[in-house]
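Asker: Structure in structure tokens, see below.
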Amino acid sequence: MPIIVHEDKHLFEIQTARTSYVFGVNEKGILQHLYWGETIAAHDCAHRLRSRSHSSFDAEVERECEEFSFWGGVGYSEPSLKAQFSDQVRDLKMVFEGYRIEKDKGLECLILILKDAFYNLKVHLYYRIIPELDLIERYAEAVNTGEDDIVLESFQSAAWTMPYMLQSRMTHVAGSWAGEYQLRETVLSEGKKIIESRRGFTGPHANPWFAMDDGSAAESVGEVWFGALGWSGNWKIVAEKTIFEHVRVTGGIHDFDSQWMLRSGESFVTPVFVGGYSSSGFGGMSRTLHRYQREYILPTEAKRKVLYNSWEATTFDVHAGEQIELAKKAAKMGVERFVVDDGWFGKRNSDRAGLGDWDVNPDKFPSGLDALIREVNDLGMDFGIWVEPESVNPDSELYRNHPDWVYHFPTRTGTQLRNQLVLNLAMPEVKQYIIDFMTRLLSSHPIAFIKWDMNRTITEPGLQGFPQEQQREIWIRHVQSLYDIWAELRAKFPNVEFETCAGGGARIDFGMLRFADQAWPSDNTDAFDRLRIQEGFTYVYSPQIMMCWVTDSPNGMNGRKLPLSFRFHSAMTGALGIGGNLREWADSEIGEAAVHITSYKEIRHLVQVGKQYRLSSLRHSKLAAVQYVNDDHTDSVVFVFLHAQQFGRHSQLKLQGLAGGMVYDVEGLSKETVQLHGSTLMKAGIPLNMRGDFDSVMIRIKAREGTHE
Ligand code: GLA
């Protein structure tokens, strides 16, 4: 029973396998947070349930740790809900009305019900509990039970109060196009640290995830509190530290330029903000989040296929003949899925035209698309294709026919980014147009995979077709409509797999991952840069969904030359793809690639559904190393990357996640297979014979029969 209500003490206790989460209703009727962390005797918290005032300049101190902060009365910390009633009153007085406990998607869920003392507004706060993972999924619902409209000016998913720490260090990611998921940490002082997107989608500049620790947590040790928001539009996570040393992290849909009209009888539900606790450092946090997405978020359990994508080989110059040539080489290497990227439709010969005209270009495919798909299928691969349905080039038939279908202010000329504008997905006819063309595409061709791209932010947000008071709903409506489209397509085409891409990794979050099987973390395919991007990515997201391509050397983006083995090893730490111009690869390279792909297929189960241990980071060392282990500790693989050897020295590496008493066959350390105990591998470590610059190795570790404990 993960939910315990101590009625006599006015306490609510959420128990997970290893944690307690405790709050109560204090004498002022405020939902006061009391504790979150390793399991304690929750009723001991009762004595802390009280309100205190410091001065007439402050709110009652406990308002800084409200479970959900309603903006009204005296309150200065980040609001979780700010609303305006039809008589212009902007003041909430939410009174605790009661609670329910329900099963939701098979999980125990605590629902608190609050009601405004005067107005017809109810708020339900949800806590859905995943006990075995020590996770709580929080979200909120506002219900207009009266006749008059209510304007929601800010409606956040949750506020997480952190336990007291001598210092509060926040970890998050920052980034840019081609440099996503860069880890950052900052010690909070009084004030706010805000990470956000105001670009219409999740964004490459930040990602809706945070971790908090007292400055002592590391990869494999220490206490870490964390949360991740499932929303693919404008979002905001505010970490606020007050002068009274409360630290609270509030997050949800961004309130910037946003509001939602809650009409009579309607309700609005926020996205989920999942929160958790790990006592085994950032590694423990990541393994929890990886399992969470596999077991509770992703639409499929299927392992990712090895794919080939022709984007870097041909860019917009897509022609059936060359695609077949590429497909033949890919098949020879053992590729399982062949994907044609941008350039196959309309007059799409560059990024200046054609986006929006989703008909197969007859000059590029004189015998039709199906002729190529047949060849690909005959070569033993399934077929995938790229689309970018939310955008349009002004130079397209779609735009010429429907110039009013884009977000715009009528008095302004819309800015073009990558020569494109964004379609107004909130208009029912636009939404239907996308569903219809995708339905046509998927039902008239045997397509197994869609790469869904989005190469533009939303700007100049004029929401045509909506009244003045709903103009600021654009940011929310775009995402809702996008989710509806994906949900409908997935239901209609259950066997088609989808990838989320947005000029690289700009739309990856737990909202999108409810519909997407895999994600494209970055357009940067340099295998060395990728190690940093992939490290940050796996702090939150599973290696199973992390698409990594092996591309040409020198790399098109930065000219870096890397050995083929390094490029493969880097890509084999996630879901492997190939993206090089295979027509220019020597037979020996195709042969070597085939060997790597065969090895990948042998270890794919470890990388994609095993436990991941980040052993060494380029942020602190010249070595990057990552290990994957199966659940019963009998099977493991380690990838090690050397940036630059210095002074002729060799490195050592300690492994993790093995069973101390088991004896393992270790392959890859030297020419011979060596036998070593788990304890030796983890405590004494292994010597590495890596040399020079950009060396890499894959080490395979398998328990010997009969040594299992
Ligand atoms: C984006 C994607 C790339 C590629 C191009 C095509 O940049 O991230 O992988 O699909 O668009 O235009």
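The values are calculated or read from the model by the stated rules, or taken from the named source; none is laboratory data. Worth saying up front: this structure is predicted, and the values here are computed from it rather than measured. Note: ideal-geometry Cβ built from the backbone for every residue, glycine included; neighbour counts use all protein chains shown. Accessible surface areas use protein heavy atoms only, side chains included; no ligands, DNA or RNA. Shrake-Rupley method; radii C 1.70, N 1.55, O 1.52, S 1.80 Å.
Asker: Please compute, for the alpha-carbon atoms of the stretch 230-359, the extent along each of the three principal axes and give them in descending order in Å.
Answerer: Computed over the Cα atoms, the extents are 68, 43, 33 Å.
Asker: While we're here: Which of the chymotrypsin sites (Phe, Trp or Tyr not before Pro) across the stretch 41-141 are loop residues per DSSP, with 15 or fewer other Cβ within 10 Å?
Answerer: Answer by residue number: Phe57, Tyr76, Phe118.
Asker: Which of Lys332/Lys622; Lys103/Lys193; Lys28/Lys236; Lys105/Lys193; Lys303/Lys683; Lys329/Lys601 have a Cα-Cα distance over 24 Å?
Answerer: In this structure, Lys332/Lys622; Lys103/Lys193; Lys28/Lys236; Lys105/Lys193; Lys303/Lys683 exceed 24 Å between Cα atoms.
Asker: Between Arg184 and Phe118, what is the spin-label point distance in nm, taking each point 7 Å from the Cα along the Cα→C-beta axis?
Answerer: It works out to 4.2 nm between the two label points.
Asker: Nearest 20 debye, what's the magnitude of the dipole of the chain about its Cα centre given +1 on Lys and Arg Cβ and -1 on Asp and Glu Cβ?
Answerer: It works out to roughly 1360 debye.
Asker: In debye, nearest 20: dipole of the stretch 247-312 around its Cα centre with unit charges on the Cβ of K, R (+) and D, E (-)?
Answerer: Around 400 debye, computed over the stretch 247-312.
Asker: Once a ≥ b ≥ c are taken as the square roots of the eigenvalues of the Cα gyration tensor of the stretch 3-297, is the result rounded (a/c under 1.5), prolate (a/b larger than b/c) or oblate (a/b not larger than b/c)?
Answerer: On the way: a/c = 1.40, a/b = 1.19, b/c = 1.18.
Here the stretch 3-297 falls in the rounded category.
Asker: Now a separate question. For Thr459 and Asn558, what does the FRET efficiency come to when R0 = 22 Å and r is the distance between their Cβ atoms, rounded to the nearest 0.05?
Answerer: 0.15
Asker: Using the heavy atoms of the protein chains alone and a 1.4 angstrom probe, what is the accessible area of the chain per residue in square angstrom?
Answerer: 38
Asker: Here's a follow-up. About the Cα centre of the stretch 273-377, how large is the charge dipole given +1 on each Lys and Arg Cβ and -1 on each Asp and Glu Cβ? Please answer in debye to the nearest 20.
Answerer: Rounded to the nearest 20 debye, it is 580 debye.
Asker: Suppose the chain between Lys328 and Val5 were pulled fully straight at 0.36 nm per residue; how much longer would it get relative to their current alpha carbon spacing?
Answerer: Going from the current span to full extension adds 109.9 nm.
Asker: Let me know the shape class of the stretch 284-442, please: from the alpha-carbon gyration tensor, a ≥ b ≥ c as square roots of the eigenvalues, rounded when a/c is under 1.5, otherwise prolate if a/b is greater than b/c, or oblate.
Answerer: Working: a/c = 2.17, a/b = 1.22, b/c = 1.78.
Cα axes put the stretch 284-442 in the oblate bin.
Asker: A further question follows. Please give the FRET efficiency for Glu584 paired with Ser280, using the beta carbon to beta carbon distance and R0 = 56 Å, rounded to the nearest 0.05.
Answerer: According to the calculation, E is roughly 0.75.
Asker: Okay, moving on. Tell me whether the chain comes out rounded, prolate or oblate; compute the Cα gyration tensor, take square roots of the eigenvalues as a ≥ b ≥ c, and use a/c under 1.5 as the rounded threshold.
Answerer: Oblate, because a/c is 1.5 or more while a/b does not exceed b/c.
Asker: Radius of gyration and Dmax for the stretch 614-703's Cα atoms, expressed in Å?
Answerer: In order Rg, Dmax, the Cα atoms of the stretch 614-703 give 12.7, 40 Å.
Asker: As an exercise, identify the chymotrypsin sites (Phe, Trp or Tyr not before Pro) in the stretch 614-648 lying in DSSP coil whose Cβ has no more than 16 other Cβ atoms within 10 Å.
Answerer: Passing both the DSSP loop test and the Cβ count: Phe647.
Asker: Go through the stretch 106-123 residue by residue and turn each phi into a ³J(HN,Hα) via Karplus (6.51, -1.76, 1.60, θ = phi - 60°); whole Hz please, and just put x for glycine and proline.
Answerer: Karplus-based 3J(HN,Hα) across the stretch 106-123 equals x, 10, 5, 9, 9, 10, 9, 10, 10, 9, 5, 5, 10, 8, 8, 10, 10, 10 Hz.
Asker: Can you list residues from other chains, or at least 5 along the same chain, whose modelled amide H is less than 5 Å from the amide H of Ser69?
Answerer: Residues meeting the criterion, in which the H sits 1.01 Å from N, are Ser80, Leu81.
Asker: Identify, among Pro79, Phe449, Trp585, the residue whose Cα sits farthest towards the positive end of the charge dipole of the chain, taking +1 on the Cβ of Lys and Arg and -1 on the Cβ of Asp and Glu, with the dipole about the Cα centre.
Answerer: Toward the positive end, the furthest listed residue is Trp585.
Asker: Turning to a different aspect of this structure: Exactly which trypsin sites (Lys or Arg not before Pro) in the stretch 363-443 are in a DSSP loop and have at most 11 other Cβ atoms within 10 Å?
Answerer: Answer in residue order: Arg412.
Asker: Also, I was wondering about something else. Step through the residues of the stretch 82-96 one at a time and calculate ³J(HN,Hα) from phi using the Karplus curve (6.51 cos²θ - 1.76 cosθ + 1.60, θ = phi - 60°), rounding each to whole Hz and writing x for Gly and Pro.
Answerer: Those phi angles translate into 10, 9, 10, 8, 5, 8, 6, 5, 10, 7, 9, 10, 8, 10, 5 Hz.
Asker: Extent of the stretch 379-463 along each principal axis, from alpha carbon coordinates, in Å, largest to smallest?
Answerer: Dimensions of the stretch 379-463 along the principal axes of its Cα atoms: 53, 24, 20 Å.
Asker: So how many Å³ per residue does the convex hull of the Cα atoms of the stretch 1-97 work out to? Don't jump to the answer; show the numbers that get you there.
Answerer: Working: hull volume 11.8 nm³, N = 97.
Spelled out: Cα convex hull of the stretch 1-97, divided by residues, is 122 Å³.
Asker: Over the stretch 614-703, with every protein chain in place, what whole percent of the accessible area is carbon and sulfur at 1.4 Å, could you tell me?
Answerer: Whole-percent figure for carbon plus sulfur exposure: 47.
Asker: Oh, and also: Ordering Lys93, Lys329 by how much accessible area each has at a 1.4 Å probe, largest first, what is the list?
Answerer: So the residues, ranked largest to smallest area, are Lys93, Lys329.
Asker: Quote to one decimal, in nm, the extra length available between Thr673 and Arg418 on full extension: 0.36 nm per residue of separation minus the C-alpha distance between them. Let's see the in-between values first.
Answerer: Values: separation 255, 0.36 × 255 = 91.80 nm, distance 5.24 nm.
The Thr673-Arg418 span can extend by a further 86.6 nm.
Asker: Which percent of the accessible area of the stretch 307-609 is formed by carbon and sulfur heavy atoms (probe 1.4 angstrom)?
Answerer: With neighbouring chains kept in place, the figure for the stretch 307-609 is 48 percent.
Asker: Hey, another quick one. May I ask you to derive the FRET efficiency for Arg90 and Ala17 from their Cβ-Cβ distance with R0 = 56 Å, giving the value to the nearest 0.05?
Answerer: My answer for the efficiency is 0.85.
Asker: Using modelled backbone amide H atoms (1.01 Å from N, in-plane), which distant-in-sequence or interchain residues come within less than 5 Å of Phe498's amide H?
Answerer: Distant-sequence amide H within range of Phe498: Ile450, Asp517, Gln518.
Asker: Would you pull out the residues with amide H under 5 Å of Ser616's amide H, same chain only if 5 or more places away, H placed 1.01 Å from N?
Answerer: Long-range HN contacts for Ser616: Ala625.
Asker: Another question, then. I'd like the carbon and sulfur percentage of the solvent accessible area for the stretch 3-297, probe radius 1.4 Å, heavy atoms only, ligands and nucleic acids excluded. Don't jump to the answer; show the numbers that get you there.
Answerer: Details: 5330 of 10910 Å².
The nonpolar share, carbon plus sulfur, comes to 49 percent.
Asker: Now, a different point. HN-Hα J couplings of the stretch 297-302 from phi, Karplus 6.51/-1.76/1.60, θ = phi - 60°, integer Hz, Gly and Pro as x?
Answerer: Ordered by residue, 3J(HN,Hα) equals 10, 5, x, 9, 9, 4 Hz.
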